[in-house]
Every structure is written in structure tokens, then in C-alpha cells.
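Asks: Let me begin by handing over the structure; questions about it come next.
What follows is calculated from the coordinates using simple rules that are stated; it is not laboratory data. Keep in mind it's a predicted model, so treat the numbers as computed, not measured. Here Cβ is always computed from backbone atoms with ideal geometry, including for glycine, and neighbour counts include all displayed protein chains.
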């Protein structure tokens with residue numbers, strides 16, 4: 001599904017472009033870390049997760065691999081789903097516990 005009402009937003013201490021949109025009563029914050037080198041994807045994700053305050057907000061990131069070290073760092077406060085994409089990349093959705 002294509003979301004056309006994405007709004008570019010600024011998130012403190014991040015270096016990537018982030019976008020906000022709403023769908024089905026949920027607020028999504030989305031970014032693309034596929035062109036980044038470590039530790040940039042982890043740093044951006046951790047700083048963006050600070051914005052997620054409740055179960056109606058999601059952080060969605062595109063990664064070139066599954067970020068297992070990141071999963072370990074955030075697992076106390078967030079659950080996540082990992083979806084393998086046809087091109088070999090991953091779509092990761094983080095949800096506050």
C-alpha cells in the first residue's frame with residue numbers, strides 16, 4: 001500500500017530523513033537506513049524510538065539486513081516485527097511494550 005500523505009519531520013540527534021503518516025488510527029514514523037554504515041542505523045533508530053510514547057505509534061525502518069544487535073538493545077521496551085522484502089532488505093516495525 002502506498003502512503004501519499006507522508007510529512008517530513010525532524011528528530012533530534014538523527015542524520016536520516018524521517019517521515020510521519022497516519023493509517024488506520026496509528027501514527028507511523030518511517031526512515032530508510034539501507035544506505036548507511038554502522039553505527040548510523042542503530043544511532044538513528046535509538047534516537048527515533050525516544051519519540052514513541054504509546055501503542056498507537058510505530059517506528060518503521062528499512063534495513064539492508066536484520067539488525068540483531070539493535071533488537072537486543074531495545075527489547076526491554078519495544079517489540080518488533082521483521083519482514084523480509086523481495087529484494088533481500090528488511091522492513092522492521094518497532095512497537096512500545
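Matching residues to (1) surrounded by 11 or more Cβ atoms within 10 Å (Cβ to Cβ); (2) assigned to a loop (DSSP other than H, G, I, E, B); (3) out of contact with any helix residue (DSSP H, G or I) (no Cβ under 9 Å at 6 or more places or on another chain):
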{"residue": "11", "(1), (2), (3)": "yes, yes, no"}
{"residue": "52", "(1), (2), (3)": "yes, yes, yes"}
{"residue": "61", "(1), (2), (3)": "yes, no, no"}
{"residue": "66", "(1), (2), (3)": "yes, yes, yes"}
{"residue": "72", "(1), (2), (3)": "no, no, yes"}
{"residue": "81", "(1), (2), (3)": "yes, no, yes"}
{"residue": "88", "(1), (2), (3)": "no, yes, yes"}
{"residue": "92", "(1), (2), (3)": "yes, no, no"}
{"residue": "95", "(1), (2), (3)": "yes, no, yes"}
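Asks: Could you grab me the full set of residues in segment 28-50 that are touching a strand residue (DSSP E or B) at 6+ places or on another chain (Cβ under 9 Å) and either free of Cβ contacts under 8 Å to residues at least 12 places away in the same chain or in a strand (DSSP E or B) (or both)?
Replies: Those that are touching a strand residue (DSSP E or B) at 6+ places or on another chain (Cβ under 9 Å) and either free of Cβ contacts under 8 Å to residues at least 12 places away in the same chain or in a strand (DSSP E or B) (or both): 28, 29, 30, 31, 32.
Asks: Just wondering, is there one or more residues in segment 20-27 that are part of a loop (DSSP other than H, G, I, E, B), surrounded by 15 or more Cβ atoms within 10 Å (Cβ to Cβ) and free of Cβ contacts under 8 Å to residues at least 24 places away in the same chain?
Replies: No, segment 20-27 contains no residue that is part of a loop (DSSP other than H, G, I, E, B), surrounded by 15 or more Cβ atoms within 10 Å (Cβ to Cβ) and free of Cβ contacts under 8 Å to residues at least 24 places away in the same chain.
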